[in-house]
Amino acid sequence: LQLKKLDQAVSAAHTFFVANPQHLQMREDIEKYRRMSGVKADSFQDLEATPHWEAYETGVQHYDADEYLQAVARLEESLSEALSALEECRALCEGPWEDEDEEEEMQLGLYEAIAAHYIQVLKCRQQCVLEIATKPGRISATEDFIPSHLDLLQFAYSQVGNQTLAAECAASYLLFYPTDEPMLEKVKQYRTELGEDAAVTARQSIQHYVQRSLMEKKLIYYAVEHLGETFNDPDLWTPDALIPENLKEKYREDQAKQKQETLDVEEREKRGPLPFEGIAVTMDSQQMNGTQRVVFDRVLTESECKDLLRLTKAAGEAGDGYRARRSPHTPHERFEGLTVLKAMQLAQNGDVEWRDAKLLLQASEKSRKIIESYFTPGKKLHFSFTHLVCRTAVDGDQEGRMDLSHPVHADNCLLDPEGQECWKEPPAYVYRDYSGILYLNDDFQGGGLFFTEMDTVTVTAEVHPKCGRLVAFSSGKENPHGVWAVSRGRRCAIALWYTHSQEHAEQERAKAEELMEQRAVEQEQPDGDKHQGTDRSSRSSSEPRAPSRATKPAEQNQKPGLDRKQHPKVLRARDEF
């Protein structure tokens with residue numbers, strides 16, 4: 001762009017965006033390029049596109065638009081180019097392997113070394129199908145890439161009236177899945193239309209592809225069973241007869257484990273009674289098109305919401321690090337946050353009222369009891385993290401905005417939409433089991449919570465914020481979620497995360513509760529009011545009386561965060577909704 005080469009700049013930006021569709025800054029740059037007068041539509045080229053992928057995507061677009069003649073041409077081109085690319089990849093598997101263990105190779109005899117090398121070549125060739133089935137810039141392959149071509153082609157040919165080629169494609173597909181009932185019915189139909197004497201045979205190129213692949217798999221699985229090799233089969237269509245019995249047993253064990261996990265989820269769906277009266281279940285998992293999701297209303301009163309909103313002022317003035325700076329997720333919003341410990345320390349210093357800080361503890365504990373009784377009756381949930389958060393739209397910075405207030409994610413795993421997987425590994429908070437958001441207001445625009453499929457694009461449910469509304473859900477891959485952009489006003493809520501693991505319980509909360517107990521003890525002393533100011537808020541009638549014990553009163557001039565060494569808490573952007 002700085003060299004005034006606009007077409008090349010647009011192509012480079014488009015290429016990056018195709019591979020990174022969630023990159024917010026590049027999305028904005030692409031939109032700016034679209035609005036520029038000197039930019040043409042054909043400038044948006046993917047410079048990394050391979051011939052077979054370009055033809056495949058165009059063919060699918062024609063197919064989806066019912067343009068079957070064009071779809072047939074591009075899909076045939078894609079299939080031909082894909083098979084050619086496959087042969088090129090297989091040829092590169094020949095030759096020495098750089099990562100072979102030289103010491104181990106020296107210990108092998110001649111025949112063993114030849115066999116080990118040949119098995120590596122065969123495994124490399126098998127993995128080539130993943131190479132051609134992975135779109136440039138992506139990390140995961142499209143499943144059944146070759147068979148899917150034949151499935152699409154057989155239908156497209158039938159729609160344009162070419163039953164001969166439709167039957168050929170159907171027969172070719174059956175080489176991969178010979179017991180597929182719908183396709184068997186199709187072949188039977190085509191035989192009827194073409195006449196019983198008509199020969200319906202699979203394509204020669206596909207026959208060669210399948211026969212060669214099966215022979216290679218047979219040799220590899222023999223090495224797995226007898227020579228201690230390992231193999232990740234790239235194909236879903238591999239016949240069970242080829243797989244060694246011990247591997248089948250492991251597969252059956254995995255299936256049994258998955259079935260048990262499903263039964264556990266169904267058992268958890270048998271909910272316990274709610275511990276508080278007046279709370280309504282507004283939406284359950286079925287109404288939200290998912291599992292382990294629920295929306296409660298009337299968890300807080302209007303008065304309680306107002307008191308907590310008053311507390312959010314402290315988040316902007318003396319919060320936990322953000323102090324109304326730009327949001328870590330979008331430059332179009334400001335962000336304020338307040339932890340329960342920080343709220344108690346502010347109350348101790350007289351910066352906020354004790355009753356407001358106490359209400360934050362009570363509201364979050366009430367939410368915990370509701371979620372625990374609904375999802376895991378009889379199984380203790382501990383706080384993992386509690387955060388009073390506000391997001392404010394930046395005035396004059398909303399025009400043309402396309403990003404989200406918080407991108408789609410899962411709370412205890414790293415979401416991989418391309419691979420349709422969620423990796424339960426650091427830096428994800430893998431110990432989190434349930435999540436919740438307790439809303440405090442609705443006088444803003446946008447800011448709703450939404451759930452998606454694993455692709456992060458298909459929205460399955462939406463939740464609109466309002467005072468006293470609590471949305472709760474399990475923290476895993478079954479509940480990817482994000483937050484729509486806050487385009488006007490200020491959205492405030494209490495973000496809540498819970499865990500079954502006591503060792504991961506929120507340490508700051510224990511310290512906050514200790515400060516609250518100290519406050520209660522001082523109020524019970526005869527001169528408590530004199531030492532603690534004029535705040536005379538009374539204990540909630542529904543709250544158990546705090547135990548009276550000889551706890552040393554907190555000093556008035558204590559600096560917030562002095563206990564940071566004992567209870568470290570590094571706040572990270574990914575903690576926020």
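The values are calculated or read from the model by the stated rules, or taken from the named source; none is laboratory data. As the structure is a prediction and not an experimental result, all values here were calculated from the model. Virtual Cβ from ideal backbone geometry, glycine too; neighbours counted across all protein chains shown. We work out accessible area using only protein heavy atoms, side chains counted, and drop any ligands, DNA or RNA first. Shrake-Rupley method; radii C 1.70, N 1.55, O 1.52, S 1.80 Å.
Things to note:
- For region 430-453, taking the residues that are assigned to a strand (DSSP E or B) and over 16 Å from the mean Cα position of the chain (by Cα), the one that is farthest from ARG368 (Cα to Cα) is identified as GLN445.
- Members of region 188-236 found to be open to solvent by less than 20 Å² (accessible area, probe 1.4 Å) and in contact with a Pro (Cβ under 8 Å, 6 or more places away or on another chain), listed by number: TYR221
- Filter result for PHE383 (under 21 Å from GLY290 (Cα atoms) and at pLDDT 90 or above): no
- Residue satisfying all of: in region 270-290; open to solvent by less than 60 Å² (accessible area, probe 1.4 Å) and of a type in the set (Val, Ile, Thr); farthest from HIS481 (Cα to Cα) among these: ILE279
- Residue that is most open to solvent (accessible area, probe 1.4 Å) [pool: residues in region 1-37 that are of a type in the set (S, T, N, Q), out of contact with any helix residue (DSSP H, G or I) (no Cβ under 8 Å at 6 or more places or on another chain) and modelled with pLDDT under 75]: GLN2
- Checked across region 227-235, the condition of being in contact with a Ser or Thr (Cβ under 8 Å, 6 or more places away or on another chain) and under 26 Å from GLN61 (Cα atoms) holds for at least one residue.
- Taking the listed residues CYS422, CYS390, CYS413, the one that is modelled with pLDDT under 90 and of a type in the set (A, V, I, L, M, F, W, C) is CYS422, with no other qualifying.
- THR456 being in contact with a Gly (Cβ under 9 Å, 6 or more places away or on another chain) and either open to solvent by 10 Å² or more (accessible area, probe 1.4 Å) or in a strand (DSSP E or B) (or both): yes
- Residue within region 467-479 that is hydroxyl-bearing (Ser, Thr, Tyr) and over 15 Å from the mean Cα position of the chain (by Cα) present: no
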